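Report on one structure; see the data block that follows.
The values are calculated or read from the model by the stated rules, or taken from the named source; none is laboratory data. None of these values were measured; they are calculated from a predicted model. Cβ placement follows ideal geometry from the backbone for every residue including glycine, while neighbour counts extend to all protein chains displayed. Heads up: the accessible areas ignore ligands, DNA and RNA and are worked out on the full protein's heavy atoms, side chains in. Shrake-Rupley method; radii C 1.70, N 1.55, O 1.52, S 1.80 Å.
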Amino acid sequence: MKKTTEKRIFIFVCTTPALLLLTLFMIVPTIEVFRMSLYKWGGFSNNQVFVGLNNFKILWNDMNFIRSLQNSILLIVVVTLITIVLAILFSTLLTRENVKGGNFFRVIFYIPNILSIVVIAGIFSAIYDPTSGLLNNFLSVFNIESLQKMWLGDQKIAIYSISGALVWQAVGYYMVMYMSSMANIPESFYEASSLEGAGRITQFFSITLPLIWNNIRTTLTFFIVSTINLSFLLVQAMTGGGPDGSTEVFLSYMYKQAYTNSSYGYGMAIGVVIFLFSFALSAIINQITKREVLEY
Amino acid sequence: MKKKALLAGTIALLSIVLMACQDKDNAEVSSNGGETTKVKQTLHVAALESAYGKDMWSKIIDEYQTENPDVKVELTADKNLEDVISPNMKAGNYPDVILLATGRKLALTENLIKDKALEDITDVLDKNVYGEDVTIKDKLIPGFTDTLATNPFNDGKTYLAPMFYSPTGLFYNANLLKEKGWEVPTTWDEMWALGDKAKADGISLFTYPTTGYFDAFVYSLLLEVGGPDFYNKAMSYEDGIWETPEATKMFEIIGKLGKYTEPTTVANANDKDFKKNQQLILDNKALFMPNGTWIVGEMADAPRADGFEWGMTALPAIETGGDRYAFTFFEQIWVPSAAKNKDAAKDFLTFVYSDKASSIFAEAGAVQPIKGNSEKLTGDNKLFYSIYDNGAKAGMGGFAATDAVEGVSIADTLFRSIDSIVSGDKTVKEWQKNVEKVSDQLRPALK
């Protein structure tokens, strides 16, 4: 009896600081976001007016918000698709094949992930520069000037330019994650399958992919969360949402409304939509990718 | 038993650490908030560190403290002043005096105007300048305290005092024009003619750093097409004003200018790369750009074409003999209503207009709208500030204050869309229609 009380006290003491911090810095602010989304408030005064769901009504008709939402969804889809393919490809190559300097590549691929997003913005605005940029000059070396573009100036491609930078910084991180779970697959599986005549591609689809499936599922949620967050940082640092709002993502639009348009309550309403959206998206993806977990 | 003692010890230690943190935070907060201490009165001054640098503010503070030994001044000067002071402001700790202009991207000043959270300082203008026998009002150049930029509610009450002013206009390489034998255009027709000539030489007529620089440009153009009355109506969102023939003319001029704009401008027209656009002028790749006098200091270290020489002109007139305008941009200094030492803050305001202070500011290149100040200038600044002596008229003030309207911003619609006009993603007609629509939405929210 004495032992269990002691144990309980111990658990209580150990978890209290974490729970306190969690409540204080995560749960309370989240509830606060939901509460503030029902108010009209400038952000500084004490004059908070309750307006019910009015903020959401305005949001429904706000074309700028719809556009930022489209941009965000586009980024989530494009960045996730390209990154996941590249990351799995590279990690298979580095774990399964005997690539010369494999460790070197592993480090090189991981480096972008260590860089701060502001540095990445600097690197990519140098790459995308219309006159002195790497990309346009590269194209002119191969005499394909017709492909030269105003990468950040053309409203139709600016958002894809942003996704290019996001993919570049994300590949290494996910590659390392997939590599670690690929390294856990017993070598004997591959030996057995090759004895039965399976080629590399069959091995990949029948052994590697099913066995790292759980890992991929987890990373899909990471993709959603990190693309939403990082796209905001990158857009803020690189284009400021321009030209004319064509690279605005929903977090940058929320920031703009809450802090520069004196519409704090409206900004919080956007926050609520983003919150629900990312939760719902993660849940849906989690559901539809559910497979029987293979044990080995 | 031992374990329990250990446990208790840990908890005690943890709470001490927590309390220690708390104490430190409290101490910091009170010093930032400028609460009255036992020994001295603390005045908290927050100033934007702009192209003029931070040093002049340190000197001003030193000077003020020598004059007033029992006032302790704390200075916050930062390039991103909003990011530094607004978290504290949200927590209720306001600086006592803030130098921060309207028209900044984060729009902190506008936010407080919308909330009516500024102190009425009309009475300060009638006070004597610190240590001098003249009132502030008499010392200032007339007109500077009658604009929407100082009296945002248009009720004759001043909430923001004018500080450093700077004429804005079109900046160019005077030497390039001299070499080519081109005249500085005085009307828009001459401007287009010059644009065609320059095009033949591979030089674009126009570029802009970011669309944010169009505020002064559009205001001047509005004054040129319709005069001050028309301008004030547009600034107070009068119904249909953006669809009048005058406004149409303004939209069309900018639309046409878009066709003469250097092609890479839009790609670099963001806060990160705008200097590349300014560099186009230094490299003789574009002729004119809208800017302010700070450009000289901002680009001081940039490489430039041989014999480069800054030139500045007012906007070309609509027709020969028509009015030409150069908008006057000025930074404002103000006292938040929530400041704790309002009286000390107002005393400080009288000090910044003193001869002593204004000479410190002038050394750094910051010119206050004090009578006779512009005559003391030297070098490039002399040329820039003499623009009004050469026939250009001064425009001042901006849009009237409104309550916040969610998702609607006149600056975004009127200025930011210019990127789309230049790149051809929007037509001038669409742009005009959008501006009128936003004006309609903001009208009911007027204060």
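Of the set (1) more than 14 Å from chain B (Cβ to nearest Cβ); (2) in contact with a helix residue (DSSP H, G or I) (Cβ under 8 Å, 6 or more places away or on another chain); (3) farther than 17 Å from A:F205 by Cα; (4) open to solvent by 60 Å² or more (accessible area, probe 1.4 Å), all apply to A:N64 but (1). The C-beta contact set for region A:76-102 (first residue crowded, with 18+ Cβ neighbours inside 10 Å, second residue among the charged types (D, E, K, R) and at pLDDT below 95, distance under 8 angstrom, 6+ apart or interchain) comprises A:L94/A:R106.
If you check B:E406, B:E375 for being free of Cβ contacts under 8 Å to residues at least 12 places away in the same chain, among the charged types (D, E, K, R) and crowded, with 20+ Cβ neighbours inside 10 Å, only one passes: B:E406.
Look at (1) within 30 Å of B:E406 (Cα to Cα); (2) buried (at least 20 other Cβ atoms within 10 Å of the Cβ); (3) of a type outside the set (F, W, Y) and you find that B:V129 fails only one, number (1).
Among the residues of region B:251-269, how many are among the small types (G, A, S) and more than 7 Å from chain A (Cβ to nearest Cβ)?
Here is the first cut: in region B:251-269, the residues among the small types (G, A, S) are B:255, B:258, B:267, B:269.
With more than 7 Å from chain A (Cβ to nearest Cβ) added as a condition, the list becomes B:255, B:258.
Result for region B:251-269: 2.
Cβ separations smaller than 7 Å between residues 6+ apart or across chains give the following pairs from region A:115-142 residues that are at negative phi to residues that are surrounded by fewer than 13 Cβ atoms within 10 Å (Cβ to Cβ) and not hydroxyl-bearing (S, T, Y): A:L139/A:E145; A:L139/A:L147. If the condition is being in contact with a helix residue (DSSP H, G or I) (Cβ under 9 Å, 6 or more places away or on another chain) and of a type in the set (D, E, K, R), then region A:192-212 contributes only A:R200.
Here the condition is being open to solvent by 20 Å² or more (accessible area, probe 1.4 Å), within 22 Å of B:W310 (Cβ to Cβ) and within 14 Å of another protein chain (Cβ to nearest Cβ); of B:K272, B:K276, it holds for B:K276 alone.
Would you call A:L294 in contact with a Pro (Cβ under 8 Å, 6 or more places away or on another chain) and surrounded by fewer than 19 Cβ atoms within 10 Å (Cβ to Cβ)? Taking the combined requirement at face value, the residue satisfies it.
Might you check whether a residue that is small (G, A, S) and either in contact with a Lys or Arg (Cβ under 8 Å, 6 or more places away or on another chain) or open to solvent by 10 Å² or more (accessible area, probe 1.4 Å) (or both) occurs anywhere in region A:231-240? Show your work before the answer.
Residues of region A:231-240 small (G, A, S): A:231, A:237, A:240.
Of the ones still in play, those that are also either in contact with a Lys or Arg (Cβ under 8 Å, 6 or more places away or on another chain) or open to solvent by 10 Å² or more (accessible area, probe 1.4 Å) (or both) are A:237, A:240.
Yes, region A:231-240 has at least one match.
Looking across region A:257-275, the residues that are under 18 Å from B:P87 (Cβ atoms), facing another protein chain (nearest Cβ under 9 Å) and open to solvent by 10 Å² or more (accessible area, probe 1.4 Å) come down to A:Y259, A:T260, A:Y264.
Within the set A:K100, A:K40, the sole residue that is more than 10 Å from chain B (Cβ to nearest Cβ), over 21 Å from A:F277 (Cβ atoms) and modelled with pLDDT under 95 turns out to be A:K100. In this structure, is B:T248 of a type outside the set (G, A, S) and either within 14 Å of another protein chain (Cβ to nearest Cβ) or under 20 Å from B:V428 (Cα atoms) (or both)? When the stated conditions are applied, B:T248 passes them. Of the residues making up region B:401-416, just one is touching a Lys or Arg at 6+ places or on another chain (Cβ under 6 Å) and facing chain A (nearest Cβ under 7 Å), namely B:A404. Looking only at region B:254-269, count how many residues are of a type in the set (A, V, I, L, M, F, W, C) and open to solvent by less than 10 Å² (accessible area, probe 1.4 Å). Of the residues in that region, 3 qualify.
What pairs come up if the first residue lies in region B:197-208 and is free of Cβ contacts under 8 Å to residues at least 12 places away in the same chain and assigned to a strand (DSSP E or B), the second is open to solvent by 60 Å² or more (accessible area, probe 1.4 Å) and among the basic types (K, R), and their beta carbons are under 9 Å apart, counting only those six or more places apart or on different chains? Filtered contacts from region B:197-208: no entries. Within region A:52-61, the set of residues being open to solvent by less than 70 Å² (accessible area, probe 1.4 Å), more than 10 Å from chain B (Cβ to nearest Cβ) and either assigned to a helix (DSSP H, G or I) or touching a helix residue (DSSP H, G or I) at 6+ places or on another chain (Cβ under 7 Å) (or both) comprises A:F56 only.
Quick check: is even one residue across region B:307-326 without any contact (Cβ under 8 Å) to a residue 12 or more places away in the chain, in the same structural domain as B:V218 (by the TED database) and under 23 Å from B:G391 (Cα atoms)?
Yes - at least one qualifying residue is present in region B:307-326.
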